[in-house]
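To keep things clear, I will list the structure first and then write my remarks on it.
The values are calculated or read from the model by the stated rules, or taken from the named source; none is laboratory data. Treat the numbers as computed from the prediction; the structure is a model and nothing was measured. Every residue, glycine as well, gets a Cβ built from its backbone with ideal geometry; the counts of neighbours run over all protein chains shown.
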Amino acid sequence: MPFIDVNDTPLYYEDYGPKDAPVMVFSHSLFFTSYMFHHQVAHFSKNYRVICYDHRGQGRSGRSFLENLDMDTLTDDAAALIEELGIKKCHFIGNSMGGFIALRLAARRPDLLSSCVVLGSSGEEEYKRAEFQPLVSQLQMHGAEGVVDTLMYIMFGDASLDDPVFEKERNYWYDYMKKLEPSIGDAAHQVIHRTSVLEELEGVKIPVLAVAGEQDHAYSIKLSENIAKKVENGRCEVLGKAGHSISLEKSVEVNKLLERHFARMKAHQW
């Protein structure tokens with residue numbers, strides 16, 4: 001299992017595909033791990049170098065104190081990971097919390113990015129902070145077992161929660177989230193207490209694709225539209241019957257959007 005030390009923290013990562021190919025780096029949601037991109041790994045790793053990693057405080061990466069789990073620190077981790085792996089440029093793709101990091105990299109380290117893709121994410125501060133705070137406090141005290149049904153509702157759309165075809169995927173993440181320890185509450189605290197990055201996006205020139213889920217219980221389509229409008233080369237796409245975990249719920253459609261995204265870049269038709 002490969003680990004890399006960045007900012008005094010061991011990050012778990014997986015590195016697939018040809019090492020001399022264009023690079024895609026995937027950044028996962030809160031309550032998930034890098035495995036949430038397994039469909040994208042399977043699809044793109046023949047022609048791209050695909051890197052997925054676990055954020056500090058989550059998955060198999062090192063644990064950290066609450067004050068070191070903020071979005072700015074996680075963004076520094078991502079930049080350090082890219083640099084330590086010797087990557088000059090990459091397409092950085094983030095789902096939800098991973099999108100918070102992707103947008104901060106686009107604003108602050110555009111030298112590292114060929115493009116930025118955010119799925120079910122936001123560039124703004126948490127507008128549901130008061131609604132989410134009791135859940136975060138419960139997580140910090142007791143872990144996720146008693147609130148796993150609530151987490152599933154937040155993280156998945158109605159269609160995915162009911163679809164028998166999605167049952168295996170749904171059960172995997174239900175079982176994973178149920179075992180999350182109280183430390184996950186610290187990561188959740190920093191997510192809902194993040195600051196806005198929207199104003200920093202003004203003047204960003206790299207292509208930014210924001211993808212929203214029609215059934216996202218956490219973030220509205222408007223938040224993705226706001227991201228696309230703020231940057232110079234932004235685009236917003238909406239996927240029907242998709243919730244917050246778009247890379248999992250609509251993996252085939254997401255893969256097609258990414259392919260079109262890359263094709264537009266090559267043709268300069270953003």
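Key figures
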| item | result |
| --- | --- |
| Test: residue in region 173-181 that is surrounded by 21 or more Cβ atoms within 10 Å (Cβ to Cβ), modelled with pLDDT of 95 or more, hydroxyl-bearing (Ser, Thr, Tyr) and under 25 Å from His38 (Cβ atoms) | no |
| Neighbours by Cβ (under 7 Å, 6+ apart or cross-chain): first from region 26-53, more than 18 Å from Phe262 (Cβ to Cβ) and without any contact (Cβ under 8 Å) to a residue 40 or more places away in the chain; second small (Gly, Ala, Ser) and assigned to a loop (DSSP other than H, G, I, E, B) | Ser34/Gly59 |
| Condition check for Ala102: modelled with pLDDT of 95 or more, surrounded by 17 or more Cβ atoms within 10 Å (Cβ to Cβ) and hydrophobic (A, V, I, L, M, F, W, C) | yes |
| Residue match in region 126-143 (condition: surrounded by 16 or more Cβ atoms within 10 Å (Cβ to Cβ), of a type in the set (Ser, Thr, Tyr) and modelled with pLDDT of 95 or more) | no |
| All positions within region 63-84 that are of a type in the set (Ser, Thr, Tyr), in a helix (DSSP H, G or I) and buried (at least 21 other Cβ atoms within 10 Å of the Cβ) | Thr75 |
| Residues (in contact with a helix residue (DSSP H, G or I) (Cβ under 7 Å, 6 or more places away or on another chain) and among the small types (Gly, Ala, Ser)) located in region 107-136 | Ala107, Ser115, Gly120, Ser121, Ser122, Gly123 |
| Residue, nearest to the chain's Cα centre (by Cα), within region 54-88, restricted to residues that are farther than 28 Å from His261 by Cβ and aliphatic (A, V, I, L, M) | Leu69 |
| Filtered residues of region 1-51 (kept if surrounded by 24 or more Cβ atoms within 10 Å (Cβ to Cβ) and touching a Pro at 6+ places or on another chain (Cβ under 8 Å)) | none |
| Criterion violated by Cys52 - all others in (1) assigned to a strand (DSSP E or B); (2) over 19 Å from Trp173 (Cα atoms); (3) not polar (S, T, N, Q) satisfied | (2) |
| Hey, Ile221 among the aliphatic types (A, V, I, L, M) and either touching a residue at least 40 places away in the same chain (Cβ under 8 Å) or over 28 Å from His43 (Cβ atoms) (or both) or not | no |
| All positions within region 21-38 that are more than 27 Å from Glu126 (Cβ to Cβ) and outside any loop (DSSP other than H, G, I, E, B) | Val23, Met24, His38 |
| Selection status of Val165, over 20 Å from the mean Cα position of the chain (by Cα), modelled with pLDDT of 95 or more, more than 17 Å from Phe31 (Cα to Cα) and part of a helix (DSSP H, G or I) | yes |
| Region 85-94 - residue that is assigned to a strand (DSSP E or B) and not small (Gly, Ala, Ser) and, of those, surrounded by the most Cβ atoms within 10 Å (Cβ to Cβ) | Phe92 |
| Neighbours by Cβ (under 6 Å, 6+ apart or cross-chain): first from region 167-190, more than 20 Å from Ser96 (Cα to Cα); second crowded, with 19+ Cβ neighbours inside 10 Å | Glu181/Gly143; Pro182/Gly143 |
